[in-house]
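Let me begin by presenting the structure, written as structure tokens, before commenting on it.
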Amino acid sequence: MSEAPLAEVTTRVDTHCPYCALQCGMALTPVTPVGRQVGGGAGAVNDVDARITHVAPRDFPVNRGRLCQKGWTAAELLDSPERLTTPLVRHGGSLRPADWDTALDLIADRITRIRADHGNDAVALFGGGGLTNEKAYALGKFARVALRTRNIDYNGRFCMSSAAAAGIRAFGIDRGLPFPLADVASADAVLLAGGNLAETMPPIMQYLRRDALMVADPRRTPTVAQASLHLPVTPGTDLALALGLLHITIIEGYADADYIAARTTGFAEVKAAATAWWPERVERITGVPVAQQYEVVERLATANRAMILTARGAEQHSKGTDTVTAFINLALALGLPGRAGSGYGTVTGQGNGQGGREHGQKADQLPGYRKLDDPAARSHVAAVWGVSPESLPPPGPSAYELLDQLGTDAGPKALLLFASNPVVSAPRSSQIASRLRDLDLLVVSDFVMSETAALADVVLPTAQWAEEDGTMTNLEGRVIRRRAAVAPPAGARDELWILHQLAARLGCGAKFPVEPSAVFDELGRASAGGPADYAGMSYQRIEAEDGLFWPCPASDHPGTPRLFTERFATPDGRARFTAVEFRPVAEDLDPDFPVYLTTGRVLAHYQSGAQTRRIRPLNDAVPASFVELHPDLAARLDVDAGDLVRVTSRRGSVTAPVRLSAEIRPDTVFMPFHWEGVNRLTNPALDPTSRMPEFKVCAVNVSPVLPAQRRARREDIHAEVS
Ligand SMILES: Nc1nc2c(c(=O)[nH]1)N[C@H]1C(S)=C(S)[C@@H](COP(=O)(O)OP(=O)(O)OC[C@H]3O[C@@H](n4cnc5c(=O)[nH]c(N)nc54)[C@H](O)[C@@H]3O)O[C@H]1N2
Ligand SMILES: Nc1nc2c(c(=O)[nH]1)N[C@H]1C(S)=C(S)[C@@H](COP(=O)(O)OP(=O)(O)OC[C@H]3O[C@@H](n4cnc5c(=O)[nH]c(N)nc54)[C@H](O)[C@@H]3O)O[C@H]1N2
Ligand code: SF4
Ligand SMILES: [Mo]
């Protein structure tokens, strides 16, 4: 294909990047290699051969003409040789090609048998925050209507659940940013707790001015390099930091008494809980110097416009909900939420991380961000679905708890998994992989052979972002259009089609339309009157208006870019302070495991790496995992850059080369989770409210691999030199 001259044969299609929640606007221009045009439809968009796709940034309100490295190279996976193009069915040890009818019949037969033998809950579903709104909605409906199982959850549980729980607790609603991103640019003081946005959402940095930005992170990240203050927080102690900042706010007289009286409830208890958090005590626990604590408060309190943002560094802990609550308490005490150009927000992660948590693929949820245990919500949604409210199953377990029950005596026997790679991304992953192996039936839908797909009994090849229509809801709560530029490879199918086909085999195909716009219209009706109300949206409106912010309850409603300006989404319209207590990390250091491990991301790779490890420029940029550690720790361990070390926790161990960095605390090592291995180490201690695992901190031991050989090598070199 590479020698064929290129001819631009189709018009450009405006869509959005497949990866993170920024959902940068991009234009795709499909190109057909001359001489490879298929007969009849030469040059048509839907030519199977029109697959080489040029990516260019658009001037969309979030990215304003910029893309990161991942966005620029996103189209490379469309015609990668690693693309799955036919269903695969396991025969003994190997996966072999099968046609769609064979694969779907087999799944439906096995599901029917398993349900007959073990009941409806024996079949489980697992979804993903990368799925379009339409697909996430269809998946939730499929679980409740076609399978009638309570066992459905999704990878967003590992991502946004703590911030979501805290947002609902305080504001009565969970929309990551309750204001457009453009507002961030006008803030004179921004505290970012646990986010490395220069690597995780690079174009967002244009909104964060150096003089405004203050970052709490155990590492001096590229984001910190663009900030005017770095708080080098000890992993797992942000809750103490937030309590301490509130303490200073109160004793220095910065609390906004008028705002607190007019717009909130519960301040007295929170004030009482903060009294014990003297700056010196906070410094001892968090490592953040007293002077820095005062500086943060003073800058937030005296700015014309101020914001507090949290991201996964503060949230992915067994106390993530309380930590976010403590930062929201601080924001409320300063009078920020609902004030023009100010507020609290969480920076949502996955492409449809926001929409993915609104439409019912979560264990306890119905579309429109309704609760599955709310009788009124059940009646409303059941009516839209044409089923009886009593037929809807009750809420089920959260993602980790669900995965950890698979294949056990009491747990589900079959799992249908869409758009996640838990063998790499779930905590204590060796255990999860073994649970997946214990299933009677594992079905994985993906477009590449992920580590999880490799364990499946049936693999279903799906369409990718540039091959499908639908909507995504970005980190601002702005609903945008994903649009198809090229057709999928002949053997791949869209999930809406797959779910329809399976539903038809289970006797309810008519309830599962395959047209994305039909699904979106139904989603709008199902969401009507709920917190995340899409009822007034249509594809036409979304395209005409650069996206629409929810809630948008009627076709003449303009959408809601800014929440909370008049009232909060609580019964009395006031934001709720909630007193929270500090607690230590679930697994602290001891002589056997004397170093903290924290985990996260690098610029070039996305999530479990299933996509980006298969894109050559990204793989070249960072070809393998590594352990980032401080030179002082390296000296103590007697290791150099590039040396292999073994990192061991109570749950497992992994080997990777050393990357030296003076920018990390000497008591902490960092590993990215884009390669299989690091999650063998992580601690599945769950937050009691959100059920978020403690991805961001566990205790490990770091030791040199084969120290004897390396020492011998060093002695040889020494001998040669002297
Ligand atoms: N390149 C890239 N971009 C991405 C993604 C990706 O995989 N790759 N994924 C997307 C998704 S789904 C998400 S959720 C977002 C995540 O976006 P971020 O939250 O920005 O990313 P992380 O790297 O997980 O964590 C951020 C920082 O938290 C710090 N940290 C670790 N422990 C603590 C702690 O206890 N306290 C504090 N304050 N900080 C701590 C880490 O050092 C790290 O620098 O990124 C999105 N964008
Ligand atoms: N140690 C550690 N672990 C973590 C985290 C951390 O910070 N540290 N972060 C957590 C977070 S925030 C997240 S969001 C999770 C993410 O973890 P995963 O859920 O594993 O994320 P992805 O790698 O995005 O997995 C998506 C898979 O689905 C495929 N896919 C993408 N789009 C589609 C689609 O539309 N349809 C189908 N069928 N397949 C699709 C991709 O090829 C890929 O194999 O990881 C969590 N795990
Ligand atoms: S910042 Fe996110 S949405 Fe934008 S190009 Fe990069 S990965 Fe894509
Ligand atoms: Mo995430």
Filtering the stretch 250-268 down to residues that are over 11 Å from ASN329 (Cα atoms), assigned to a helix (DSSP H, G or I) and in contact (Cβ under 8 Å) with a residue 60 or more places away in the chain yields ILE250, ASP258, TYR259, ARG263
Residues being in contact (Cβ under 8 Å) with a residue 40 or more places away in the chain and closer than 24 Å to ALA301 by Cβ - total across the stretch 181-203 = 15
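Restricting attention to helices (runs of 4 or more DSSP H) lying wholly within the stretch 83-197, give those where 3 or more residues are closer than 30 Å to GLU358 by Cβ and within 16 Å of ligand 2 (Cβ to nearest atom). Can you show your working first?
Details: elements: 100-118, 133-141, 161-171, 182-185.
Per the criteria, 133-141, 161-171.
Please find, among PRO427, PRO412, PRO461, the residue that is within 16 Å of ligand 1 (Cβ to nearest atom) and crowded, with 22+ Cβ neighbours inside 10 Å. Before the answer, list the steps.
Details: PRO412 fails: within 16 Å of ligand 1 (Cβ to nearest atom); PRO461 fails: within 16 Å of ligand 1 (Cβ to nearest atom).
Result: PRO427 is the single residue among PRO427, PRO412, PRO461 that is within 16 Å of ligand 1 (Cβ to nearest atom) and crowded, with 22+ Cβ neighbours inside 10 Å.
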Which listed residue is in contact with an Asp or Glu (Cβ under 9 Å, 6 or more places away or on another chain), touching a residue at least 40 places away in the same chain (Cβ under 8 Å) and surrounded by fewer than 18 Cβ atoms within 10 Å (Cβ to Cβ), from GLU587, GLU581 = GLU581
Sole exception among (1) surrounded by fewer than 23 Cβ atoms within 10 Å (Cβ to Cβ); (2) away from ligand 3 (no atom under 16 Å from the Cβ); (3) touching a residue at least 40 places away in the same chain (Cβ under 8 Å) for GLN206, by number = (2)
Do we have any residue at all in the stretch 331-341 that's closer than 17 Å to MET160 by Cβ and either buried (at least 24 other Cβ atoms within 10 Å of the Cβ) or within 16 Å of ligand 2 (Cβ to nearest atom) (or both)?
-> no
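Based on this model, can you work out whether ARG157 counts as touching a residue at least 40 places away in the same chain (Cβ under 8 Å), within 16 Å of ligand 4 (Cβ to nearest atom) and either within 30 Å of LEU629 (Cα to Cα) or surrounded by fewer than 24 Cβ atoms within 10 Å (Cβ to Cβ) (or both)?
Details: touching a residue at least 40 places away in the same chain (Cβ under 8 Å): yes; within 16 Å of ligand 4 (Cβ to nearest atom): yes; either within 30 Å of LEU629 (Cα to Cα) or surrounded by fewer than 24 Cβ atoms within 10 Å (Cβ to Cβ) (or both): yes.
So ARG157 fits the description; yes.
Can you tell me which residue among ALA604, ALA621 is at pLDDT 95 or above, more than 10 Å from ligand 1 (Cβ to nearest atom) and small (Gly, Ala, Ser)?
Working: ALA604 fails: more than 10 Å from ligand 1 (Cβ to nearest atom).
It is ALA621.
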The number of residues in the stretch 410-449 that are over 29 Å from VAL697 (Cβ atoms) and of a type in the set (Gly, Ala, Ser) is 3
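Within the stretch 314-340, how many residues turn out to be in a loop (DSSP other than H, G, I, E, B) and among the small types (Gly, Ala, Ser)?
Quick first cut of the stretch 314-340, residues in a loop (DSSP other than H, G, I, E, B) only: 316-319, 334-340.
Adding the requirement that they be among the small types (Gly, Ala, Ser) leaves 318, 335, 338, 340.
Within the stretch 314-340, residues that are in a loop (DSSP other than H, G, I, E, B) and among the small types (Gly, Ala, Ser) number 4.
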If ALA382 passes every condition in (1) free of Cβ contacts under 8 Å to residues at least 40 places away in the same chain; (2) surrounded by 24 or more Cβ atoms within 10 Å (Cβ to Cβ) but one, which one does it miss?
-> (2)
Output the residue which, of all residues in the stretch 680-690 that are over 13 Å from SER649 (Cα atoms) and surrounded by fewer than 23 Cβ atoms within 10 Å (Cβ to Cβ), is nearest to ligand 1 (Cβ to nearest atom).
-> ALA685
Of all residues in the stretch 598-610 being touching a helix residue (DSSP H, G or I) at 6+ places or on another chain (Cβ under 6 Å) and surrounded by 23 or more Cβ atoms within 10 Å (Cβ to Cβ), the one that is farthest from PRO222 (Cα to Cα) = SER608
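Determine whether the stretch 616-632 contains at least one residue that is within 15 Å of ligand 4 (Cβ to nearest atom), buried (at least 23 other Cβ atoms within 10 Å of the Cβ) and aliphatic (A, V, I, L, M).
Kept after step one, since they are within 15 Å of ligand 4 (Cβ to nearest atom), are these residues of the stretch 616-632: none.
No; the residues of the stretch 616-632 include none that is within 15 Å of ligand 4 (Cβ to nearest atom), buried (at least 23 other Cβ atoms within 10 Å of the Cβ) and aliphatic (A, V, I, L, M).
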Condition set within 16 Å of ligand 3 (Cβ to nearest atom) and among the small types (Gly, Ala, Ser), scope the stretch 183-203, selection surrounded by the most Cβ atoms within 10 Å (Cβ to Cβ): answer is GLY195
Just name the residue that is farthest from ASP521 (Cα to Cα) out of those in the stretch 347-375 that are among the small types (Gly, Ala, Ser) and away from ligand 1 (no atom under 11 Å from the Cβ).
-> ALA363
Check ASP632, ASP533 and return the single one that is of a type outside the set (Gly, Ala, Ser) and not in a loop (DSSP other than H, G, I, E, B).
-> ASP632
Would you please list the contacts, defined by Cβ atoms under 7 Å and residues six or more apart or on different chains, that run from a residue in the stretch 306-324 that is closer than 17 Å to GLY335 by Cα to a residue that is within 16 Å of ligand 3 (Cβ to nearest atom) and assigned to a helix (DSSP H, G or I)?
-> MET307/VAL184
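Yes or no, residue by residue, for (1) within 16 Å of the chain's Cα centre (by Cα); (2) at pLDDT 95 or above; (3) closer than 21 Å to SER517 by Cα; (4) aromatic (Phe, Trp, Tyr):
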| residue | (1), (2), (3), (4) |
| --- | --- |
| GLU134 | no, yes, yes, no |
| TYR137 | no, yes, yes, yes |
| GLY140 | no, yes, yes, no |
| ARG144 | no, yes, no, no |
| ARG150 | no, yes, no, no |
| SER161 | yes, yes, no, no |
| ALA165 | yes, yes, no, no |
Selection from the stretch 597-615 of residues in a strand (DSSP E or B) and either away from ligand 4 (no atom under 16 Å from the Cβ) or of a type in the set (Val, Ile, Thr) (or both) yields LEU597, THR598, THR599
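Could you check the stretch 558-581 and list, in sequence order, the residues that are assigned to a loop (DSSP other than H, G, I, E, B) and either under 16 Å from GLN354 (Cβ atoms) or touching a Pro at 6+ places or on another chain (Cβ under 8 Å) (or both)? Lay out the reasoning, then the answer.
Step one: filter the stretch 558-581 for residues assigned to a loop (DSSP other than H, G, I, E, B), giving 558-574, 577-581.
The answer is GLY559, THR560, PRO561, ARG562, LEU563, PHE564, PHE568, ALA569.
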Check on PRO666, in contact with an Asp or Glu (Cβ under 8 Å, 6 or more places away or on another chain), surrounded by fewer than 20 Cβ atoms within 10 Å (Cβ to Cβ) and part of a loop (DSSP other than H, G, I, E, B) | yes
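The values are calculated or read from the model by the stated rules, or taken from the named source; none is laboratory data. Keep in mind that what you see is a predicted model, and the values were worked out from it rather than measured. Reconstructed Cβ throughout: ideal geometry from the backbone, glycine too, with neighbour counts over all protein chains shown.
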